[in-house]
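J.: What follows is a single structure, and I will ask about it in a moment.
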Amino acid sequence: MGTRRRLENQYRRFPWLTDIGGIKNAIGEMRGLGYPRQPRLNTASIGQEAEPLFDAPWFTKSIKEKILTHPDNRMEYPFSGERIFEEPLVGFVRGDDPLFQEFKRIIGPHHFTPAEIMAWQARNNGVAPPPAEDMSVVVFVMPITRKTKEENAAQQAWPSERWAQTRLLGEIFSQTVTREVVTFLMSKGVLAVSPDATPLFRKKHYPKVGWASPWSHRHIAYAAGLGTFGMHDFFITEKGCAHRMGSFVVNLRLEPDRQRPADIHAYCRQYQGRTCLKCARRCPVEAITLEHGHDKENCSKRIVRSLPYCNRNYHIFIYGCGLCSTGVPCESGIPDDLRANATQKPGDHSSDS
Ligand code: SF4
Ligand code: SF4
């Protein structure tokens, strides 16, 4: 067999049948099915002095190390060995932050508060649900690599191959990271849950906002002060808007280390009165306009149509796009002329409310 043929065989031949990871991911995202069982709480360890000390710096350090060194933070053929993500940002939100009630109004009444999802986990483990003020949400933002961003920025119609792999393997990896941290905490007697990997995770359709998730990492990252939203609805951080995120709830009081900007669009040039709309020009279906902002329905339809394209060309079962988040001024950082709008740096606790 020739080298070319051998290499081609490393692709899945019938991804709509054989890419089990992709199919499970799609079902899980919509219907909350197919996730591994939740870890059990080690009740024998409850109340014992925690070792290590689970404070905010511990979470920041552990999550950064895990993401940078994890063997699953790797692309598949033909990019085998390349990293999917660079060093993450990590942030914290208090469980009783009033924004969680606001999210029920903005996103939909089905969006969990930390207390609601934690009550489910507590019930499953036969312990009393903790009060909201005794819990926190940990959120991390994993920036996509420069190679993947450059490759997608060169695309005009459909996502690039690295982008498609990142969309699928990156989502699975994000769940792996949260599951491993949650499992470790539960083994140490600390109640924790990752809401987007439970059977309760079901997307719902609302007339005003379209398909909406019951646990929005982006909104939680905003609450943690990690960034703000752009015209394209992606989340712009100090490492840009081309990333994927994860988050989980823990029964610990963790000190937030950033202050969120009051303006939810503080890092978007167009919203801040500069002429930009570069994201709108990148969109192949005009789903972003000055008049109506981001049209989620139009965008979703395009993304669904990318599934056969990725299947046929990249041999994986995934949909995606992200063209408007690459090749734009907010791709890899806060746009230069808006940096002054950035609030606190990590570790600065001076204006915690
Ligand atoms: S490309 Fe420009 S208008 Fe679009 S989200 Fe980024 S900064 Fe805002
Ligand atoms: S993600 Fe949606 S809005 Fe952005 S370019 Fe693709 S179709 Fe357009």
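The values are calculated or read from the model by the stated rules, or taken from the named source; none is laboratory data. Owing to the predicted nature of the structure, the values given are computational and were not obtained by experimental measurement. When we count neighbours, we look across all protein chains shown, and the Cβ atoms used for this are built from the backbone with ideal geometry, even at glycine.
J.: Among the residues of region 189-215, write down those that are small (Gly, Ala, Ser) and either modelled with pLDDT under 65 or assigned to a loop (DSSP other than H, G, I, E, B) (or both).
T.: Matches in region 189-215: Gly189, Ser194, Ser213.
J.: With the structure loaded, tell me whether Gln259 is in contact (Cβ under 8 Å) with a residue 40 or more places away in the chain and part of a loop (DSSP other than H, G, I, E, B) or whether it fails that test.
T.: Working: in contact (Cβ under 8 Å) with a residue 40 or more places away in the chain: yes; part of a loop (DSSP other than H, G, I, E, B): yes.
So Gln259 fits the description; yes.
J.: Same structure again: Answer yes or no as to whether Pro57 is surrounded by 21 or more Cβ atoms within 10 Å (Cβ to Cβ) and within 26 Å of Met118 (Cα to Cα).
T.: Numbers: surrounded by 21 or more Cβ atoms within 10 Å (Cβ to Cβ): no; within 26 Å of Met118 (Cα to Cα): yes.
When the stated conditions are applied, Pro57 does not pass them.
J.: Looking only at region 100-118, which residues are surrounded by 17 or more Cβ atoms within 10 Å (Cβ to Cβ) and either assigned to a helix (DSSP H, G or I) or out of contact with any strand residue (DSSP E or B) (no Cβ under 9 Å at 6 or more places or on another chain) (or both)?
T.: Here is the first cut: in region 100-118, the residues surrounded by 17 or more Cβ atoms within 10 Å (Cβ to Cβ) are 100, 103, 107-108, 111-118.
If the condition is that a residue be surrounded by 17 or more Cβ atoms within 10 Å (Cβ to Cβ) and either assigned to a helix (DSSP H, G or I) or out of contact with any strand residue (DSSP E or B) (no Cβ under 9 Å at 6 or more places or on another chain) (or both), then Phe100, Phe103, Thr113, Pro114, Ala115, Glu116, Ile117, Met118 are the ones that fit.
J.: Can you give me the number of residues within region 81-131 that are among the polar types (S, T, N, Q) and free of Cβ contacts under 8 Å to residues at least 60 places away in the same chain? Step through it out loud before you land on a result.
T.: Restricting attention to region 81-131, the residues satisfying the condition of being among the polar types (S, T, N, Q) are 101, 113, 121, 124-125.
Those still in the list that are free of Cβ contacts under 8 Å to residues at least 60 places away in the same chain too: 101, 113.
Residues meeting the conditions: 2.
J.: So for region 270-291 (the condition being more than 9 Å from ligand 1 (Cβ to nearest atom), without any contact (Cβ under 8 Å) to a residue 12 or more places away in the chain and among the aliphatic types (A, V, I, L, M)), does at least one residue qualify?
T.: No, region 270-291 contains no residue that is more than 9 Å from ligand 1 (Cβ to nearest atom), without any contact (Cβ under 8 Å) to a residue 12 or more places away in the chain and among the aliphatic types (A, V, I, L, M).
J.: If you go through region 290-310 one residue at a time, how many are among the small types (Gly, Ala, Ser), assigned to a helix (DSSP H, G or I) and modelled with pLDDT of 95 or more?
T.: If we filter region 290-310 for residues that are among the small types (Gly, Ala, Ser), which is where we start, we get 293, 300, 306.
Within this subset, residues satisfying the condition of being assigned to a helix (DSSP H, G or I) are 300, 306.
Retained after the next criterion (residues that are modelled with pLDDT of 95 or more): 306.
Final tally of qualifying residues: 1.
J.: Report, by residue number, each residue of region 124-163 that is more than 25 Å from Phe100 (Cβ to Cβ) and not in a helix (DSSP H, G or I). Give the steps one after another, and end with the answer.
T.: So in region 124-163, the residues more than 25 Å from Phe100 (Cβ to Cβ) come out as 126, 143-163.
Within region 124-163, Gly126, Pro143, Ile144, Thr145, Ala154, Gln155, Gln156, Ala157, Trp158, Pro159, Ser160 meet the criteria.
J.: Which residue is farthest from the chain's Cα centre (by Cα), if the candidates are limited to region 216-256 and must be within 16 Å of ligand 1 (Cβ to nearest atom) and assigned to a helix (DSSP H, G or I)?
T.: Of everything passing the filter in region 216-256, Tyr222 is farthest from the chain's Cα centre (by Cα).
J.: Go through region 270-287 and report how many residues are part of a loop (DSSP other than H, G, I, E, B), within 16 Å of ligand 2 (Cβ to nearest atom) and of a type in the set (D, E, K, R).
T.: Within region 270-287, residues that are part of a loop (DSSP other than H, G, I, E, B), within 16 Å of ligand 2 (Cβ to nearest atom) and of a type in the set (D, E, K, R) number 1.
J.: Scan region 95-121 for residues that are closer than 22 Å to Asp55 by Cβ and out of contact with any helix residue (DSSP H, G or I) (no Cβ under 7 Å at 6 or more places or on another chain) and jot them down.
T.: Of everything in region 95-121, those that are closer than 22 Å to Asp55 by Cβ and out of contact with any helix residue (DSSP H, G or I) (no Cβ under 7 Å at 6 or more places or on another chain) turn out to be Met118, Gln121.
J.: Something else: What's the total number of residues in region 317-353 that are at pLDDT 85 or above and either surrounded by 18 or more Cβ atoms within 10 Å (Cβ to Cβ) or of a type in the set (S, T, N, Q) (or both)?
T.: Within region 317-353, the subset at pLDDT 85 or above is 317-340.
Going one step further and asking which of them are either surrounded by 18 or more Cβ atoms within 10 Å (Cβ to Cβ) or of a type in the set (S, T, N, Q) (or both), we end up with 317-335, 338.
Residues that pass the stated criteria total 20.
J.: So Arg13 clears everything in (1) modelled with pLDDT under 85; (2) of a type in the set (Lys, Arg); (3) part of a helix (DSSP H, G or I) except one condition, right? Which one?
T.: (3)
J.: What number goes with the only condition from (1) in contact with a Leu (Cβ under 8 Å, 6 or more places away or on another chain); (2) under 26 Å from Lys24 (Cα atoms) that Ile172 does not pass?
T.: (1)
J.: Looking only at region 311-328, count every residue that is part of a loop (DSSP other than H, G, I, E, B), of a type in the set (A, V, I, L, M, F, W, C) and farther than 12 Å from Trp16 by Cα and tell me the total. Reasoning before the result, please.
T.: First pass over region 311-328, keeping only residues part of a loop (DSSP other than H, G, I, E, B): 315-322, 326-328.
Then drop every residue that is not of a type in the set (A, V, I, L, M, F, W, C), which leaves 316-318, 321, 328.
From what's left, farther than 12 Å from Trp16 by Cα: 321, 328.
The total comes to 2.
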